[in-house]
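Taking it in order: structure first as C-alpha cells, then the write-up.
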Amino acid sequence: MPQLSQASREALSDGGALATRLDAFAARDAQLRLTGAIADAIEQRDVLLAEAGTGTGKTYAYLVPALLSGLKTIVSTGTRALQDQLYHRDLPRVRDALGVGLKSALLKGRANYLCRYRLQQAKGEPRFTSREQVDQFQRIVAWSGRTQFGDMAELAALAEDSPLLPMVTSTVDNCLGSECPFWEECFVVQARQRAQAADVVVVNHHLLLADLALKQEGFGEILPGAQTFVIDEAHQLPELAANFFGEGFGMRPLQELARDCLAECKDVPGALASLQEPVRAIEQSLRELRLAMEGLPVRGTRERALGKPEVAQGFDTLTASLAQLFEAVLPMADSSLGLEACAARARELSARLLRWLGEDEPIPGFDDEPLPASADVFWYELTQRGFRCQRTPLDVSGPLREHRERSHAAWIFTSATLAVGGDFDHVATRLGLEDPQTLLQPSPFDWERQALCYLPAGLPDPNARGYGTALIATLWPVLQASDGRAFLLFASHRALREAAETLRDGPWPLFVQGEAPRATLLQRFRESGNGVLLGAASFREGVDVVGDALSVVVIDKLPFAAPDDPVFEARLDAIRRSGGNPFRDEQLPQAVIALKQGVGRLIRSETDRGVLVLCDPRLSGKSYGRVFLDSLPPFARTRRVEDVQAFFARESAPVTEESRA
C-alpha cells in the first residue's frame, strides 16, 4: 500500500491521531476506505470520483491525506457557508490533531470583501432610501476601521441581499486594480497574498470556476500552483460551470454603472453636467424595458422575449442609451481613474448586450469575434424588479477537461449524491471525466433500524387536479404520528403555498420558505421541537438538522427539472438531435440525483430515526421508478400508514413482507 494511503488510514483509525486528540471521534470503516482511495489519487496525481453517503465523514477523509501529503491543495466547497465551516472549524481541528504546521488560507470572490475606495465614494451619497440604511452604512464605516480581513461575512446583521453591499464592494468591472489609491490596503490583494503563501486554500465553486473561466477575479496565479484539487459537493459543478463559461448582463449592473458615473463626477469639473442626461436616459430605458417584459414567462429564450415588439423596442432603446453614455464618458476617461473604469464597463456591457441580441457589428474598442450560436443558449430571467440576460454553453465538459489536464494535479470529486443506480456515467460525462477512478461508499448508518420509507397507496397522478388536497390528507396521520417534526419538500412554490395554507390551522408550528431568511427559519424550526418546515427545490441542500426535531422528510413529486428552463430544454433537444434519449440520458439521472439530495436531509447521525415519505405514485406505477428506489439507501419500505405509526410508537414489530412495497 502506498505510503500516503497507509499514513492517512492510520491517522483515522482507532488509536490514531484523530481518535486520541479529538473528542467524540470514532473510527469508521467507510471513512478509512474513502481516505485510502483519496490518498492513492493524490499520490498518483490521478482523478477520483467518489460518492460518500451521509455519515461517511468525507471532510476528514480528504483533509487528512491532503495535509499529510504536504502538497499545495485547493479545496472547493459548494457554498460560502460550507466554506466558512470548513475553514474555521474542520480544517483547524484536523491540522491540530495531526500536528502539521501547514499554512491555510480562506479565499472568496472579490465581492465578499470591503472595497475601501468604493466605501470612500459612497460617503455622503444621497442614495440611501431609509434611516435604517444610513445606520447600517455607519456601522460598516465603523467596522472598516477595525476589521483585519475585510470579509463582509463578519457583519452578521447585514443581509446577503442588502443594497449597501454593491456600494462598498468591488466587482471585476469596477475595480481600479493597481492604480487604486487604496491598493496597498486592499483586502482582496491581502487575501490573494495569503493564499499564495498557503499550503491549503479553501475556496468555493464560484471562485474556482471564475478563475478557470479566466474571469479575472484576481486570483488566477494561485490555482496553477496547486498539486491537488478537492471538489466537495461536486454534483453542483456542471450547472455552475455552465454559467461561468458563458456570459451575461442584467438590470442591476447597468443601474450601478449609471450611479457610479455620477458618483465619480465630483472631482472632475463639468463632468456632472455632461453625464446627468445620459445617466437619466439609461435609467429610464431600463425602467421601460422591465415594464415591457411584464407578461413574459419568468424564464424564457431570447427569441421569446424579442418576439414581443415592445421588448424588442426596449432593447433597441437601451442599446442606444448605453452607447450615448459610453460616448459621453469616454472623453473624460483621462481625467479620473473612476471615470476611466466606467468607460471600460460601458464598453463591455455594450458588447455583451449586442452579442446577446445577435448583433455582429463591432463597437469602438471591442473587436471580439461573435460566439458560435450553435453551442449556446441565449435566455432571460425576470426578477421582482429587474431582469438578467445570459448566454449559456450547452456542454462544459470540454473546458473542464482542458483546465484539469493543464493543471497536472490530482483531482478529487466527491459528494453524497453522484451515482445513479450505482453508476457514475452521467456525472462523469458532464464533468468531462474519461475513465476516472471511482468509489461508491454507501452511508454507514443502520438504515433498516433507523429509518422507514413510506410509499402511500391510492394517491392520484401528481399532475391531476386535487393532488395537493389528497397529499395533505395522506400526510395528516403521518404528522400526527410524528407530532410534526417534519420537513415537507415541494416540486413547486405553488404547491408549497397551497400546502402552507392548508396546514395553517394545524396543531404544529409552521415554517415556510420565503417568510423569513433561511438561517432564521432553520433555527426556529430546530428550537420549536415539533414544527413543520416547508421548502422548495433550493431547500434540498443545506438543511442539516440533527436529532428529533426533524424526524420526517416528505417529497411530494419526483424532482424532474421544470419544463420552462430554456437551458435544460435546449440540452434535451441537443441529445435528441445526436441520437440519444433525452429522458434516459438527462432527465432521469438529474432527477435521481436531486431526489437523493432531498432524502439526505432525513438521517444525519448514528442516533437519528425517521420516516421518508415518497408520495409520487410513479415510483410504483412506472418502470423507471425502480431506478429511483435502487439509488436510495436500503430502507425498509411500506405502503401502510400503520407501520409509520408503529415506527413512531417505537414498537418492535418488524415490517412484514406483506406490507412491503
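The values are calculated or read from the model by the stated rules, or taken from the named source; none is laboratory data. The structure displayed is predicted, hence computed values, not measured ones. Ideal geometry is used to build each Cβ from the backbone, glycine not excepted, and the neighbour counts take in all protein chains shown.
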Looking at segment 608-620, can you tell me whether even one residue there is polar (S, T, N, Q), in a helix (DSSP H, G or I) and either in contact with a Ser or Thr (Cβ under 6 Å, 6 or more places away or on another chain) or surrounded by fewer than 18 Cβ atoms within 10 Å (Cβ to Cβ) (or both)?
yes
Taking segment 109-130 and the residues there that are basic (Lys, Arg) and surrounded by 19 or more Cβ atoms within 10 Å (Cβ to Cβ), the one that is modelled with the lowest pLDDT would be 110
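Conditions tested, residue by residue: (1) under 29 Å from residue 346 (Cα atoms); (2) at pLDDT 90 or above; (3) not assigned by TED's automatic domain parsing to the domain that holds residue 408.
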| site | (1), (2), (3) |
| --- | --- |
| 180 | yes, yes, yes |
| 191 | yes, yes, yes |
| 214 | yes, no, no |
| 238 | no, yes, no |
| 261 | yes, yes, yes |
| 266 | yes, no, yes |
Looking at (1) at pLDDT below 90; (2) within 30 Å of residue 291 (Cβ to Cβ), which one does residue 337 not meet, given that it meets all the others?
(2)
Could you go through segment 463-474 and let me know if any residue there is closer than 29 Å to residue 235 by Cβ and more than 30 Å from the chain's Cα centre (by Cα).
yes
Here are some residues: 298, 311. Which one is surrounded by fewer than 14 Cβ atoms within 10 Å (Cβ to Cβ), over 24 Å from residue 128 (Cβ atoms) and either touching a Leu at 6+ places or on another chain (Cβ under 9 Å) or of a type in the set (S, T, N, Q) (or both)?
298
If I ask for residues that are over 13 Å from residue 455 (Cα atoms), assigned to a loop (DSSP other than H, G, I, E, B) and within 29 Å of the chain's Cα centre (by Cα), which ones from segment 621-650 would you list?
624, 631, 632, 633, 634
Any residue in segment 615-644 that is in the same structural domain as residue 453 (by TED's automatic domain parsing) sitting within a Cβ distance under 9 Å of a residue that is among the acidic types (Asp, Glu) and part of a loop (DSSP other than H, G, I, E, B)? List the pairs, counting only those 6 or more apart or interchain.
615/556; 616/556; 617/461; 618/461; 621/461; 625/616; 628/616
Among the residues of segment 546-571, what is the count of those that are crowded, with 21+ Cβ neighbours inside 10 Å, in contact with a Phe, Trp or Tyr (Cβ under 6 Å, 6 or more places away or on another chain) and closer than 21 Å to residue 585 by Cβ?
1
Quick one: residue 161 ticks every box in (1) in a helix (DSSP H, G or I); (2) acidic (Asp, Glu); (3) modelled with pLDDT under 90 bar one, so which box is it?
(1)
Within segment 434-476, work out how many residues are assigned to a loop (DSSP other than H, G, I, E, B) and within 23 Å of residue 622 (Cα to Cα).
12
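Taking the conditions exactly as written (buried (at least 19 other Cβ atoms within 10 Å of the Cβ), of a type in the set (Gly, Ala, Ser) and at pLDDT 90 or above), does residue 351 satisfy them or not? Lay out the reasoning, then the answer.
Numbers: buried (at least 19 other Cβ atoms within 10 Å of the Cβ): yes; of a type in the set (Gly, Ala, Ser): yes; at pLDDT 90 or above: yes.
Yes: the conditions hold for residue 351.
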Starting from residues that are in contact with a strand residue (DSSP E or B) (Cβ under 7 Å, 6 or more places away or on another chain) and under 19 Å from residue 554 (Cα atoms), keep the ones in segment 436-453 and report whichever is surrounded by the fewest Cβ atoms within 10 Å (Cβ to Cβ).
448
If residue 306 meets every condition in (1) in contact with a Pro (Cβ under 6 Å, 6 or more places away or on another chain); (2) at pLDDT 95 or above apart from one, which number is that one?
(1)
For residues that are closer than 17 Å to residue 123 by Cβ, outside any loop (DSSP other than H, G, I, E, B) and among the hydroxyl-bearing types (Ser, Thr, Tyr), tally how many sit in segment 164-191.
1
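Has segment 42-61 got any residue that is basic (Lys, Arg) and out of contact with any Leu (no Cβ under 7 Å at 6 or more places or on another chain)?
Yes, segment 42-61 contains a residue that is basic (Lys, Arg) and out of contact with any Leu (no Cβ under 7 Å at 6 or more places or on another chain).
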